[in-house]
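The values are calculated or read from the model by the stated rules, or taken from the named source; none is laboratory data. Worth saying up front: this structure is predicted, and the values here are computed from it rather than measured. Heads up, the Cβs are rebuilt from the backbone with ideal geometry, glycines too, and the neighbour counts pull from every protein chain shown. Only protein heavy atoms, including side chains, enter the accessible area calculation; ligands, DNA and RNA are left aside. Shrake-Rupley method; radii C 1.70, N 1.55, O 1.52, S 1.80 Å.
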Amino acid sequence: MYGSTEDAERTAFRKAEKKYKLYYDNTRKKKQPRPVDLSDVIDFKSISESYHRNGELPSGIFPIQCDLHTPIFCLETHPGFYFIPGALPVEEQCRWIKESLTSFPQPPNRTNHNAIYGPLQDLFAAAKDNKVLIQEEQYCGTNNSEVEIIQNDINVPTWNFFDQSGALSKGGTCKSVPASVLLRKLRWSTLGMQFDWSKRSYNISLPHNKIPDALCLLAERMAAPTLPLGEVFQAEAAIVNYFGLGDTLGGHLDDMEKDWSKPIVSMSLGCKGIFLIGGKSREVPPLAMFVRSGDVILMAGQARECFHGVPRIFTDKENAEISSLELLFSDEEDSALLEYIKTSRININIRQVF
């Protein structure tokens, strides 16, 4: 789209990404996050509270009423964009956080780890138990491209999880990586119809786990206000994004689905972040807004043609705003979930493909 990387770096969207991205100022004591001006970031939580008190809204924002317990806010500049603050009760947030970590990355669903390690069974449980992923001895010394051929030709894992004692017994001859590191490097998983990132298209031939019925019904209910009366949203595919401290999602378009009149249903879970939505090119200055755990964004029609991304998440206690999640994850059996979500954000994007 642009003549050079240097041109892309000068676009309005890229400038906004760099404005909100996490940078550090080095001091003699420790790294300190560089202060960032958040005065232009739209805060739909505050807008909703003000609207409930006195019915007032900022210029350029208008509500639509629906069967949900909260109004939906729209942007005059972005037809087809809908923001539902606090759409998900905290109990439902906890449910989908747990599913996103324990169920959604399970094979045959694919994750970003498939390219190197193949399918990983029970990654979250392995990280919780301090296990180590070790390459099977018969594949030691095999390069990644050869391993991928093996994985494609033979349905056998070339890497497996072992506890610490098992890892020691293997010695240091084979490659290994702690499961906790892999969990922190989990960037995406796909459920329902699988998306082939190398071809940027859906591959109906890839095996996959069905999207849970409860998630399909939730997406259907959230999407209803964007559709004509009588039409129903069909959840056919989903991409789950995982963010840690300093992680970003660069400006992009979600343009692989056949019918753009059907919305993308985007659910935010965990730490607060900043979401950018621009225009049909990266030259259009984007709007920035906070997204909190339980918020839902819908993008349909013209909004599907707009570049969007996530340049920042907040993991410090003051700004993460996850105290309600911490209360519900306070049981000892949920300690691993709490430890993860205290410094992470999860986003579930649900789509109708056909």
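Quick check: from the Cα gyration tensor, does the range 30-99 come out rounded (a/c under 1.5), prolate or oblate?
Working: a/c = 1.98, a/b = 1.14, b/c = 1.74.
Because a/c hits 1.5 or more and a/b fails to exceed b/c, the range 30-99 counts as oblate.
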Using a Gaussian network model of the chain with C-alpha springs under 10 Å, which one of Tyr82, Tyr51, Tyr24 is most mobile by mean-square fluctuation?
Tyr24
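Taking only the alpha-carbon atoms of the chain, what semi-axes of the equivalent ellipsoid follow from 5 times the gyration tensor eigenvalues under a square root, in whole Å, largest first?
On the way: eigenvalues 247, 113, 95 Å².
Square roots of five times the eigenvalues give 35, 24, 22 Å.
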Spacing of the two label points (7 Å from each Cα toward its C-beta) at Ser165 and Thr77, in nm:
6.2
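Helix-derived [θ] at 222 nm for the chain: sum -39500 (n - 2.57) over DSSP H runs of at least 4, divide by residue count, nearest 500?
On the way: 13 runs with 99 residues, N = 354.
Result for the chain: -7500 deg cm²/dmol, rounded to the nearest 500.
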Nothing charged except the Cβ atoms of Lys and Arg (+1) and of Asp and Glu (-1): what's the magnitude of the dipole of the chain about its Cα centre? Round to the nearest 20 debye.
1040
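Taking only protein heavy atoms into account and a 1.4 Å probe, give the accessible area per residue of the chain in Å². Present the calculation step by step, with values, prior to reporting the outcome.
Details: 17570 Å² over 354 residues.
Here the residues of the chain average 50 Å² of exposed surface.
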Please report, as a whole percent, how much of the solvent-accessible surface of the chain comes from carbon and sulfur atoms (probe radius 1.4 Å).
50
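Rounding to the nearest 20 debye, state how big the charge dipole of the range 14-118 is about its Cα centre with +1 on each Lys and Arg Cβ and -1 on each Asp and Glu Cβ.
For the range 14-118, the charge dipole is close to 980 debye.
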Measure nothing but the geometry: give the 0 to 90° angle between the long axis through the Cα atoms of 144-153 and the longest principal axis through the Cα atoms of the chain, rounded to 10°.
90
With the cut-off at 22 Å, tell me which of the pairs Lys185/Lys258; Lys18/Lys262; Lys272/Lys342 have Cα atoms farther apart than that.
Lys185/Lys258; Lys18/Lys262
